[in-house]
Amino acid sequence: MKDQSDKKNSTSPDPAVLWAGRLAEKPEAGAFAFQASIGVDARLVREDLDLSRAHAAMLGRQGIIPAETAAALDTELGRIAGELEAGALAVDPAAEDVHSFIEGELTRRLGDAGRMVHAGRSRNDQVVTGFRLYLKRRVPEIREALAVVMVVLLDQAERHAGQVMPGYTHLQRAQPVTLGHHLTAWAAALERDLGRFGDAVRRLDECPLGAGALAGSGLPLDREAVAKDLGFARPSLNSMDAVADRDFALEIAGACAITMTHLSRFCEDIVLWASEEFRFINLAEQWSTGSSIMPQKKNPDFAELVRGKSGRTTGNLVTLLTILKGLPYAYDKDLQEDKEALFDSLDTVGACLRMFRGMMAAASFNTGRMEAACVGGFLEATDAAEYLVRRGLPFRRAHETAALIVRDCLAAGRRSIAEQPLGELKKRSGLFEEDVYAALAPAACVAARKLPGGPAPEEVRRQIRELRGRIRDQDLS
Ligand code: ARG
């Protein structure tokens, strides 16, 4: 594939090794492979072609290269894109990186015209421009997937807005809530993730091209035009910052890690709910696995794997922070390690959102088990205290009274305050009346907690509408 005659000629070094002119010796084979990044950055090929076209066109307009050369470069870059698309050309895995591959192809095909494309640029500004372009395309797909998961959760929440279930603190049954309330809590967390990814993309919307290796260029580049051409909001402010900065990678890796932490927590709930001890959720068979030895098993592997994969995204964020800490300004080769970590985080979030969505859309719930679980753990004790507060008792006294009633019930072998006769209740407080029994039914406890944010069915429906509206208001393009 390579131009052999070129390779032998010492005045025209291997066009695929962009720095070969300086070194009389070729790098040791293993060492070359060690420092190469093609295996990771090949996925920036489309972005590198786009930014090379914008750069070459600008060089032509500015008279830095002849207009016909700019036109030839544009045509050839378009041709390379087409050939890659059609599978007629593949990224050469032996190239150093995607930038060397494209420039090498241009030189192989066009000779000196190809040798003109790199005027005024460095791989340092090039790689970070391609990376930003890639993220500007990729992150909206993650945001779209997040919105779809939110809709799946909100649909399930709406279906179960009135379905009582125990709410937990310390993994102990605490107070009755509704399944709709619980699922809406998950959706509320994902809405923040949607915002975080959106913020990160807004902040990364600057074009580093023209920053060169670190110090810009003496050639009359038109940075504004290139930035505009590539769809960036503006050129980056400072050329050293432009090649040194990876805040955008940190922010997106952070958003990925937080999203995965959310999914991991939801999946922990699902794994618990799928256990025989809870039996709150029925995962669809398509979204379950079996055991190679235990014939009876139906395992929540998908939820477990999503939970487990959150380790990767946390690790990738730490990887990036660690790479950056202590790096002297401006560019260092260490920065090449940025893409593998962030690509893995994006791939992980993308795959896990897809799995979580499928699993949740197909899941059904054991409503009878959830209702039954609201009885027996004195989840109504707080509502009993509030019953007394409504009748004028100071809360601390009401709390103590309800606690004593729980102790009475436990001593008498009763499973709920509702099983305690009114006479017994009155011994603890004369404020109790017959209406206490209706007030302490799980559904009544939930219905009474209708403050904004609370679990009352009509309030949960309002929260669902609010979140649906916020999704609609997002610019998901
Ligand atoms: N391949 C590199 C990367 O992925 C860009 C090359 C810059 N390397 C250099 N030695 N100046 O970040």
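Read the figures in this text as sums done on the coordinates, not as results from a lab. Predicted model only: the values in this text are computed from it and were never measured. Cβ atoms come from the backbone with ideal geometry, glycine included; neighbour counts cover every protein chain shown.
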For the range 392-471, the Cα convex hull volume per residue in Å³ comes to 117
Once amide H atoms are built 1.01 Å from N in the peptide plane, which residues 5 or more positions from Gly167, or in another chain, come under 5 Å H to H?
Ala174, Gln175, Val177
Considering amide H positions built from the backbone, and no H for Pro or chain starts, which residues 5 or more places from Asn282, or on another chain, come under 5 Å of its amide H?
Ser364, Phe365, Asn366
Can I get the semi-axes of the range 181-329's equivalent ellipsoid? Compute them from the C-alpha gyration tensor as square roots of 5 times the eigenvalues, in angstrom, largest first.
46, 17, 13
Equivalent ellipsoid semi-axes, the chain, via Cα gyration tensor eigenvalues times 5, rooted, Å:
63, 22, 18
What's the ranking of 36-44, 447-455, 183-191 by average number of surrounding C-beta atoms within 10 Å, highest first?
183-191, 36-44, 447-455
Please tell me which of these pairs span more than 24 angstrom C-alpha to C-alpha: Lys26/Lys333; Lys309/Lys339; Lys136/Lys228; Lys427/Lys450?
Lys427/Lys450
Quick one: Karplus J couplings for the range 422-428, per residue in order, coefficients 6.51, -1.76, 1.60, θ = phi - 60°, nearest Hz, x for Gly and Pro?
4, x, 5, 4, 5, 4, 8
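To the nearest 20 Debye, how big is the dipole of the range 336-408 about its Cα centre, given +1 on the beta carbon of each Lys and Arg and -1 on that of each Asp and Glu?
Here the range 336-408 has a charge dipole of around 540 debye.
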Starting from the amide H of Cys207, placed 1.01 Å from N in the peptide plane, find each other amide H under 5 Å away whose residue is 5 or more places distant or on another chain.
Arg234, Ser236
In whole percent, what relative contact order does the range 128-247 give with Cα contacts below 8 Å and a gap of six or more residues?
23
Rule-of-thumb check for the range 260-372: C-alpha Rg over 2.2 N^0.38 Å?
1.42
Using mean Cβ contacts within 10 Å as the protection proxy, how do 322-335, 141-154 order, highest first?
141-154, 322-335
What does the convex hull of the Cα atoms come to per residue for the range 326-477, in Å³?
256
Vicinal HN-Hα couplings computed from phi for the range 222-234 (Karplus, 6.51 cos²θ - 1.76 cosθ + 1.60; Hz; Gly/Pro x):
10, 5, 4, 5, 5, 4, 5, 4, 8, x, 7, 5, 6
Would you mind checking the radius of gyration and Dmax of the range 107-256 based on alpha-carbon positions, in Å?
23.2, 76
